[in-house]
Amino acid sequence: MGGNGQGGVDSEALQKTIDRINRKLRERLQNKKDSRPARKALKKLEGDYLVRLKKYEQQAETLRGRNSYARTDPDASSMHMKEDRGAERPWPKPAYNVQIGTEGQFVVGFSVHGQTGDTSCLIPHMENLRTHLGRLPKNVITDAGYGSEENYAYLAEHAVGNYLKYNTFYQDTHHFRKPELIRKRQFRAENFAYDPDRDEFICPARERLTFQYASRYTTDNRYVTDRRLYECHACDQCPLRGECTKAKGNRKIRISFRLLEYRRQARANLTSEDGQRLRARRSIEVEPVFGIIKQNMGFRRFHLRGLEKVKTEWGLVCIAHNMKELAAS
């Protein structure tokens with residue numbers, strides 16, 4: 001879309017190329033026939049490609065790592081609303097991702113984001129809490145939308161209690177009784193046996209997945225994580241292939257051992273006595289606050305546009321909610 005992310009071709013480099021061609025044309029003999037093809041190509045560059053490239057760069061700058069933005073409010077992203085679930089044509093709408101932290105159903109901190117996913121919002125939200133409260137909370141309990149390696153590493157770095165669910169927490173802690181579900185679980189990569197001496201995973205068919213290469217990824221928040229890819233080379237005649245993978249080639253898995261350890265710690269915390277108490281408390285903490293604001297106070301959409309104005313509006317709503325809670329206590 002833009003130059004800097006696609007190999008260094010940007011509007012500035014293209015403008016320099018156009019200027020260089022212009023200089024060469026002026027240096028040539030004044031032969032209109034001889035310079036006509038070059039002038040035609042220059043006109044195409046200057047009147048079409050340069051204009052479009054500048055437009056793409058402006059759009060990329062507006063996105064700032066997001067997947068979309070709304071024309072009516074460039075700070076907002078197109079999101080599917082919960083109210084539209086079950087609708088025949090649930091069109092996405094310009095919206096913001098609102099995060100709140102609560103204590104006793106009082107809002108103690110909030111943040112507003114243009115990203116649609118919750119995962120990348122946790123660290124900015126925590127930093128916002130630290131800025132305004134002067135410290136981070138002792139423990140953080142969330143649903144499965146926040147359990148990423150980046151977020152786990154942040155909590156570990158700042159000695160915050162890790163009670164972040166991850167996307168497969170239910171499957172890892174639930175005791176399935178149906179044989180078909182139990183059989184299906186064994187084909188999940190995290191349930192493969194691991195041989196540390198040979199650095200190989202063992203699939204349910206007792207075949208080995210050998211290490212191929214490691215890849216490095218950088219998140220939107222600049223967190224760098226490593227993923228190791230393992231592949232099985234005996235899938236062609238495997239009788240369990242249809243249950244193990246739908247890929248055309250061999251079964252491959254990408255593993256971060258650091259993430260697996262963070263998940264193990266989170267699972268131990270969440271299933272402990274304190275973890276069960278905090279999980280039960282969360283269900284009567286943050287969710288009712290959203291319900292009170294949306295249903296009892298009737299606040300279901302922002303009236304202002306632009307991130308800073310929306311932050312102010314949401315801050316006033318949170319103050320109003322806290323005042324109602326204080327009056328009722």
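Values quoted throughout were computed directly from the atomic coordinates according to the rules given, and no laboratory measurement underlies them. Bear in mind that the values here come from a model prediction, so they are computed numbers and not experimental data. Reconstructed Cβ throughout: ideal geometry from the backbone, glycine too, with neighbour counts over all protein chains shown.
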Notebook entry, point to check: For residue 138, what charge total do you get from the other residues with a beta carbon under 12 Å from its beta carbon, if Lys and Arg give +1 and Asp and Glu give -1?
Noted result: -1
Notebook entry, point to check: Which net charge results for the neighbourhood of residue 215, defined as the other residues with beta-carbon distances under 9 angstrom from its beta-carbon, given Lys and Arg at +1 and Asp and Glu at -1?
Noted result: +3
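Over segment 124-230, what relative contact order in percent results from Cα pairs under 8 Å that are six or more residues apart?
Working: 113 pairs, mean separation 16.6, N = 107.
Across segment 124-230, relative contact order equals 15 percent.
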Margin query: Taking every alpha carbon pair in segment 110-208, what does the distance histogram look like in 10 angstrom bins from 0, in percent?
Written below: 13, 32, 26, 20, 9, 1
Checklist line | trypsin sites (Lys or Arg not before Pro) within segment 267-327, DSSP loop, no more than 16 other Cβ atoms inside 10 Å | finding: 300, 301, 305
Next item on the list: Name the residue farthest towards the positive end of the dipole of segment 127-172 from the options 131, 145, 160, assuming +1 on Cβ of Lys and Arg, -1 on Cβ of Asp and Glu, about the Cα centre.
Entry: 131
Notebook entry, point to check: Do any trypsin sites (Lys or Arg not before Pro) in segment 88-189 lie in a DSSP loop with no more than 14 other beta carbon atoms within 10 Å, and if so, which?
Noted result: 135, 138, 177, 188
Checklist line | Pair residue 12, residue 180: separation of 7 Å Cα→Cβ label points (nm) | finding: 6.0 nm
Item checked: Distant-in-sequence amide H partners of residue 200 (H built 1.01 Å from N, under 5 Å) -> 195
Next item on the list: Give the long-range amide H neighbours of residue 79: residues separated by 5 or more places, or on another chain, with amide H under 5 Å away, using H modelled in the peptide plane at 1.01 Å from N.
Entry: 93, 95
Next item on the list: Any chance you could check the Cα centroid distance between segment 103-150 and segment 241-307 for me, in angstrom?
Entry: 13 Å
Next item on the list: May I ask you to evaluate 6.51 cos²θ - 1.76 cosθ + 1.60, the Karplus curve with θ = phi - 60°, for each residue of segment 241-250 and list the ³J(HN,Hα) values in order in whole Hz, giving x for glycine and proline?
Entry: 4, x, 8, 8, 8, 9, 6, 6, x, 6
